[in-house]
Amino acid sequence: LRRIALARRPKGAPVAEDFSFETGALPEPGDGEALVEVTHFSLDPYMRGRMDDAKSYAEPVAIGATMTAQGVGRVLASRAEGLTEGTLVTGMTGWASHAVLPATDLTPVPDGVEPTAVLGVLGMPGLTGWYGLHEIGQPQRGETLVVAAATGPVGSMVGQLAKAAGLRTVAVAGGAEKCAMARDVYGFDAAIDHRAHDDAKSLRGALAEAAPDGVDIYFENVGGKVLEAVLPLMNTHGRMPVCGMVAWYGGAEDTGDRLPAAWRSVLVKRLKVQGFIIMDHWDRMPDFLSDVGPRVAKGEIAWREDVAEGIERAPEAFIAMLKGGNTGKQVVRV
Ligand code: NDP
């Protein structure tokens, strides 16, 4: 067994020393359980929160415990009825080469679906984009949408669904390459490189040009400078699905005292701002899959992955992802 454990709680942005690489004997499945040989696991921004002690909507990872993650792999041994060896499954395996889980916590990967798609485009991040856009964003044809982290699994889903629904879509992404990908692969009408703008004011100028009719939906993934830039551009009765704020996860970005002024826009524009945690809406997964699954199969929805090779590289890939080092859904091939 090879696994990555939490060695200590990070201060600010995580560093390599916050993780430890551990080996041990393979665990044995008990009654009703199965041993899974993990081929890939997912790296997601939410995992930064699990490294802290602070009370959140999810339990923190204990010091010495395996980092949490959804993984995919084959059943190596099963003591559960109806789950046979060799079945391709997904479940919360953690950052590990093998995991023992109750069969009830494992879901077979449907035939014809790329195994890693269940970690991204057809999994938790895809559902997040679909739910947040439709339920909270309430997109209307002819409106303008802005989303940052636009080439990630959430942002790329949001952009493509909004485009298909007849909106003008504006991407914010880090670097020229990701901006080109936002336009060419995900069909955004415009893409703005946040790294090319030192402050919110300069970024706002570029956004105002890309969104000449103002912004009706700001799908909030990042907070920080992007949030500050977008708020004054919101149209009256705009909507903001508040999905994440990855720019602030490391506590690195200092917003000074300008944010309160910017948030005043929420009041005077009568914006509907609604946070959501996708776990509360897991019952919508079948609706999501019946809507988006066929569109992925037909190639109408694009998806890209960034694969880190080898479990030992998971910490560095995770640290890099939080700063934009990934292009596409970050997964680890064990
Ligand atoms: P991504 O794969 O897009 O990875 C994170 C990206 O954030 C980076 O690649 C980088 O993209 C961007 N980023 C990092 N720092 C900054 C910064 N300072 N300013 C602007 N952008 C930055 O992640 P996901 O698609 O998996 O997740 C996107 C967001 O959705 C996250 O905030 C996540 O926490 C949230 N989320 C929320 C859920 C919920 O239930 N509410 C469920 C799932 C995800 P770039 O280089 O382009 O800037």
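Things to note:
- Under-5 Å amide H pairs with V172, H placed in peptide plane, nonlocal only: V147, A148, A149, A150, I192
- Neighbour count of at most 16 Cβ within 10 Å plus DSSP loop: longest chymotrypsin sites (Phe, Trp or Tyr not before Pro)-free window in the chain: 58-275
- Virtual paramagnetic centre 7 Å along Cα→Cβ of E316, amide N under 15 Å, in region 21-58: 21
- Hz values of 3J(HN,Hα) by residue in region 178-194 - Karplus curve (6.51, -1.76, 1.60), Gly and Pro given as x: 5, 5, 4, 5, 4, 6, 7, 8, 9, x, 4, 6, 8, 9, 10, 8, 5
- Loop trypsin sites (Lys or Arg not before Pro), region 230-334 (other Cβ atoms within 10 Å of the site Cβ: 14 or fewer; DSSP): R258, R270, K298, K323
- Pairwise label distance in nanometres, Q140 with K272, each label 7 Å out on the Cα-Cβ vector: 1.1
- Within the listed set L127, L231, L26, the Gaussian network model of the chain (springs between alpha-carbon atoms below 10 Å) gives the highest mean-square fluctuation for L26.
- Placing a label point 7 Å from the Cα of W282 along the Cα-to-Cβ direction, the residues of region 86-101 with a backbone N closer than 14 Å are 90-93.
- Here the Karplus relation 6.51 cos²θ - 1.76 cosθ + 1.60, evaluated at θ = phi - 60°, turns the backbone of region 222-234 into coupling constants of 10, x, x, 4, 5, 4, 4, 6, 7, 3, x, 8, 5 Hz, with x for every Gly and Pro.
- Positive-end residue, region 21-141 charge dipole about Cα centroid, Cβ charges, pick of L133, T23, A96: L133
- Residues in region 23-38 carry Karplus couplings, in order, of 10, x, 6, 5, x, 9, x, x, 4, x, 10, 9, 9, 10, 8, 7 Hz; the curve used is 6.51 cos²θ - 1.76 cosθ + 1.60 with θ = phi - 60°, and Gly or Pro positions show x.
- Among V154, V268, V230, the largest mean-square fluctuation in a Gaussian network model of the chain (Cα springs under 10 Å) belongs to V268.
- Neighbour counts of other Cβ atoms within 10 Å put M245, M51 in the fewest-to-most order M245, M51.
- Nearest-ten-degree value, helix 153-164 long axis tilted from longest Cα axis of the chain: 50
- Under 25 Å, Cα to Cα: Lys pairs in the chain, sequence gap 8 or more or different chains: 24
- Distance (nanometres) between label positions extended 7 Å along Cα→Cβ at M245 and E300: 3.6
- If you run the Gaussian network model on the chain, springs between alpha carbon atoms under 10 Å, then out of E309, E59, E228 the most flexible one is E59.
- The GluC sites (Glu not before Pro) of region 15-113 that DSSP puts in a loop, and whose beta carbon has at most 10 other beta carbons within 10 Å, are E81.
- Cut-off 12 Å between beta-carbons: net charge of the residues surrounding T23, Lys and Arg +1, Asp and Glu -1: 0
- Estimated FRET transfer efficiency when R0 is 22 angstrom, pair E81-T107 (beta carbons, to 0.05): 0.85
- For the chain, the longest principal axis of the alpha carbon atoms and the long axis of helix 200-210 meet at an angle near 80°.
- Around the amide H of V109, modelled in the peptide plane, lie the amide H atoms of L88, V89, T90, all under 5 Å away and 5 or more residues distant in sequence or on another chain.
- Amide hydrogen proximity for H98: with H placed 1.01 Å from N in the peptide plane, the residues at 5 or more positions away or on another chain lying under 5 Å are R2, V38.
- Magnitude of the charge dipole for the chain, about its Cα centre and with charges confined to Cβ atoms of Lys, Arg (+1) and Asp, Glu (-1), is about 920 debye.
Every number here is computed from the coordinates shown, using simple stated rules; none is lab data. If you're wondering where the values come from, they're calculated on a predicted model, not measured in any experiment. All Cβ positions, even for glycine, are placed from backbone atoms using ideal geometry, and neighbour counts span all protein chains on display.
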